[in-house]
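A.B. asks: Questions regarding the structure given below will be posed in turn.
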Amino acid sequence: MGQIILGVGDYGASNSPADDVKTFALGSCVSVIFLDPKTRTAGMAHVALPDSSINKAKAGEKPGYFADTAIPALLAQMAKFGCDKRGKGMVVKLCGGANVMDSNDTFQIGKRNALAIKKILWSYGMGAVAEDLGKNFSRTVSISVSAGQITLSSPGKPNWQL
Amino acid sequence: MVKQLNQEELQKVVNSVPMLSPSASQLIQITSQADHDLMDVIDLVRTDASLTARVLKIVNSAAFGLINTITSIDRAISYLGERIIVGIAVGDSAGKLFEKELSGYESAGGDLWKHDLRTAIAAREVVTQSGVDISSELAFTAGLLHDIGKSIISDYLHGSVTDAVEMITTDEDLDYLDAEEKLVGFDHTRAGYELARAWKLPEELAEVILHHHEPINAKEEYRALVYAVHLGDNIAMMGGFGTGSDSMRYKLDPEYTHYINIGPKTLASIMLNVDIEFEKLESSFTGSGDEN
């Protein structure tokens, strides 16, 4: 069984049933998950920040890092596996985007990430069917490609599915 | 089973922690003084042959991508900046403490060092990007040391993670500090403060360690520094580099706005720089002081 481990700003996809696609310790980062039932392909991007305009060079080098560049990059990656280029028919799920308890809004990057991702998804006519976003704990997330099943974990909590 | 500690036992544990090396200790002392000179740092490093060798090895490592090899310690220190020198010395001398597995937080060996390094980088970025008038180099050192208390109480918290998480999930007024205190009698800031005193760290660093989750309680003269580390700590956790079960489970002290001017754009830029800088530094020095 293969494990595709994605770091911050990485994205990847697989259609090999033996694979897991996994990312560790999402804090305010958001994991965007695309499942394509037709080709049985699973993809994920580990998005750190909402907007690539703060550093275009970084966006060129690591498109998965920003919401606005991650989604096109992940779609292009999945198209290599025969998935629809604009994400038609894909199942979208989101998780992560935790926030520290801040009474003014500045530190709510998790919230801003999730919002930016949803906006871009809308522009493709896509929307999440399931999400586990926000709150104040970190999440590790893993997709088993064969079952299309998403498992989340966080220390001190029993694992759960999305 | 979780075991409660009393003051005397805490003191005993603290006293069993090895002292910092003389070079690390003196470097911290010197660089904490507002009016120190880089020459003082250079002179001190020169007296320590193994530290000198490490500094030269790191400055010439692939991470810094220098075209010409640096062979003089003066140039190496000017190039790296004193914060990196302090980082190397602390990592080499207290590596075991920073690298140890924090079983009480279900956090793997090495996580604490990474979290501390991220906090150090973030605290420095907070200072430089917000323009607050404190030493960015000192913010880095303070960030590196802020969580030393975790390695002291972690063994005592062994097996407590589910209880701790449940405690603060059911009562939203509580954060992980409250859970630590209820479970073992002391939280990690208090344990770290005791170690800071045993190590005779300068007062401002001891204040950071004690108050990094509620800077409002720090002495006014050090408060901006404590806030910088407080924000750096939260930025490290937000970026996915916490120490297991407590990650993100603290309150942000809202009064930071009176000391540090940061908006959403600046914060995004800080987070990005932390990722870039961390990648560079992580590969060049490790807490254990092992080969890299």
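Values in this text are rule-based calculations from the coordinates and carry no lab data. Model, not experiment: these values are computed from the prediction. Here the Cβ is made from the backbone with ideal geometry for all residues, glycine too, and neighbour counts use every protein chain on show.
A.B. asks: In vacuo Debye scattering of region B:206-266, one point per C-alpha: log10 I(q)/I(0) at q = 0.15, 0.20, 0.21 Å⁻¹?
C.D. replies: These q points yield log10 I(q)/I(0) values of -0.43, -0.75, -0.82.
A.B. asks: Among B:Ala142, B:Gln33, B:Asn68, pick out the residue whose Cα is farthest towards the positive end of the charge dipole of the protein assembly as shown, where Lys and Arg carry +1 and Asp and Glu carry -1 on C-beta, about the Cα centre.
C.D. replies: Working it through, the farthest residue towards the positive pole turns out to be B:Asn68.
A.B. asks: Over all directions, the average projected area of the alpha-carbon convex hull for the protein assembly as shown comes to how many nm²?
C.D. replies: 21.6
A.B. asks: What size of dipole, in debye to the nearest 20, comes out for the protein assembly as shown about its Cα centre when the only charges are +1 on Lys and Arg C-beta atoms and -1 on Asp and Glu C-beta atoms?
C.D. replies: In debye, rounded to 20, the protein assembly as shown gives about 2060.
A.B. asks: Right, next: Between B:Gln4 and A:Ala147, what is the label-to-label distance in nm when each label sits 7 Å out along the Cα-to-Cβ direction?
C.D. replies: In this crude label model, B:Gln4 to A:Ala147 measures out at 4.3 nm.
A.B. asks: Report, by chain and number, residues whose modeled amide H sits under 5 Å from the one on A:Lys135, excluding near sequence neighbours (fewer than 5 apart, same chain).
C.D. replies: Amide H neighbours of A:Lys135, under 5 Å, 5+ apart: A:Asn99.
A.B. asks: Here's another thing I want to ask about it. Net charge near A:Gly89: determine it from the other residues with C-beta under 13 Å of the C-beta of A:Gly89, scoring Lys and Arg +1 and Asp and Glu -1.
C.D. replies: Once all neighbours under 13 Å are counted, the net charge is +3.
A.B. asks: Once the other residues with Cβ under 9 Å from the Cβ of B:Asp187 are scored (Lys, Arg +1; Asp, Glu -1), what is the net sum?
C.D. replies: It works out to a net charge of -2.
A.B. asks: Write down the Å³ per residue value for the convex hull defined by the alpha carbon atoms of region B:178-235.
C.D. replies: 78
A.B. asks: Another question about this same structure. List, in the order given, every pair from A:Lys157/B:Lys182; A:Lys119/B:Lys114; A:Lys157/B:Lys150; B:Lys100/B:Lys280; A:Lys80/B:Lys265 whose Cα-Cα distance in the structure shown is over 29 Å.
C.D. replies: Exceeds cut-off: A:Lys119/B:Lys114; A:Lys80/B:Lys265.
A.B. asks: Please get the size of the charge dipole for chain B, origin at its Cα centre, with Cβ charges of +1 on Lys and Arg and -1 on Asp and Glu, quoted in debye to the nearest 20.
C.D. replies: Using Cβ point charges on Lys, Arg, Asp and Glu, chain B gives about 780 debye.
A.B. asks: Taking the Cα atoms only, what angle lies between the long axis of helix B:148-157 and the longest principal axis of chain B, rounded to 10 degrees?
C.D. replies: So the inclination is approximately 40 degrees.
A.B. asks: Let me ask something else. For A:Lys85, B:Lys114, A:Lys157, which order do you get if you count the other beta carbons within 10 Å of each Cβ and list the fewest first?
C.D. replies: Listed from fewest to most nearby Cβ atoms, that is A:Lys85, A:Lys157, B:Lys114.
A.B. asks: Putting +1 on Lys and Arg Cβ atoms and -1 on Asp and Glu Cβ atoms, find which of A:Ile109, A:Phe66, A:Phe24 reaches farthest to the positive end of the dipole of chain A.
C.D. replies: Of A:Ile109, A:Phe66, A:Phe24, it is A:Phe66.
A.B. asks: Compute the long axis of helix B:223-238 from its Cα atoms, compare it with the longest principal axis of the Cα atoms of chain B, and write down the angle in degrees, 0 to 90, nearest 10.
C.D. replies: 80
A.B. asks: Where does helix B:111-130 land angle-wise versus the long Cα axis of chain B, in degrees 0 to 90, nearest 10?
C.D. replies: For B:111-130 against chain B, the angle is about 70 degrees.
A.B. asks: Give me Rg/Rg_expected for region B:47-182, where Rg uses Cα atoms only and Rg_expected = 2.2 N^0.38 Å with N residues.
C.D. replies: My calculation over the Cα atoms of region B:47-182 gives 1.30.
A.B. asks: Rule-of-thumb check for region A:1-120: C-alpha Rg over 2.2 N^0.38 Å?
C.D. replies: Working it through for region A:1-120, the quotient is 1.05.
A.B. asks: Given labels modelled 7 Å from the Cα in the Cβ direction, how far is it in nm from A:Ile54 to B:Arg75?
C.D. replies: Between A:Ile54 and B:Arg75, the label points sit 3.6 nm apart.
A.B. asks: Please list the non-local residues whose amide H lies under 5 Å from the amide H of A:Ile4, H modeled 1.01 Å from N, same-chain partners needing a gap of 5 or more.
C.D. replies: Amide H neighbours of A:Ile4, under 5 Å, 5+ apart: A:Asp20, A:Val21, A:Lys22.
A.B. asks: Another question about this same structure. From the C-alpha gyration tensor of region B:81-126, pull out the three semi-axes of the equivalent ellipsoid (sqrt of 5λ each), sorted largest to smallest, in whole Å.
C.D. replies: Those come to 21, 14, 5 Å.
A.B. asks: Please give the charge dipole size of region A:3-161, origin at the Cα centre, charges +1 on K and R Cβ atoms and -1 on D and E Cβ atoms. Round to the nearest 20 debye.
C.D. replies: 240
A.B. asks: Something else about it: For a quick check: sort A:Arg112, B:Arg197 by the number of other beta carbons within 10 angstrom, fewest at the front.
C.D. replies: Least to most surrounded, the residues fall as B:Arg197, A:Arg112.
A.B. asks: Rg/Rh for region B:7-284: what does it come to with C-alpha atoms and Rh from Kirkwood?
C.D. replies: Taking Rg over the Kirkwood Rh, I get 0.96.
A.B. asks: So what is the 222 nm mean residue ellipticity for the protein assembly as shown from helices alone, if each DSSP H run of at least 4 adds -39500 (n - 2.57) and you divide by all residues, rounding to the nearest 500 deg cm²/dmol?
C.D. replies: It lands at -15000 deg cm²/dmol.
A.B. asks: Still on this structure, please answer the following. Please check which bits of region B:179-203 a label hung off B:Met19 would reach, taking the label as a point 7 Å along Cα-to-C-beta and the cut-off as backbone N under 20 Å.
C.D. replies: Taking a point 7 Å out along Cα→Cβ of B:Met19, the residues of region B:179-203 whose backbone N falls under 20 Å are B:192-203.
A.B. asks: I would also like to ask the following. Can you tell me which of B:Ala34, B:Ala76, B:Ala206 moves the most in a GNM of chain B? Springs connect C-alpha atoms under 10 Å apart.
C.D. replies: B:Ala34
A.B. asks: For region B:142-191, take N as its residue count and report Rg(C-alpha) divided by 2.2 N^0.38 Å.
C.D. replies: Computed over Cα atoms of region B:142-191, the ratio equals 1.14.
A.B. asks: A further question on this structure: Using the Kirkwood radius over Cα pairs, work out the Stokes-Einstein diffusion coefficient for region B:115-233 at 20 °C and 1.002 mPa s, in µm²/s as a whole number.
C.D. replies: Value of D from the Cα-based Kirkwood radius: 147 µm²/s.
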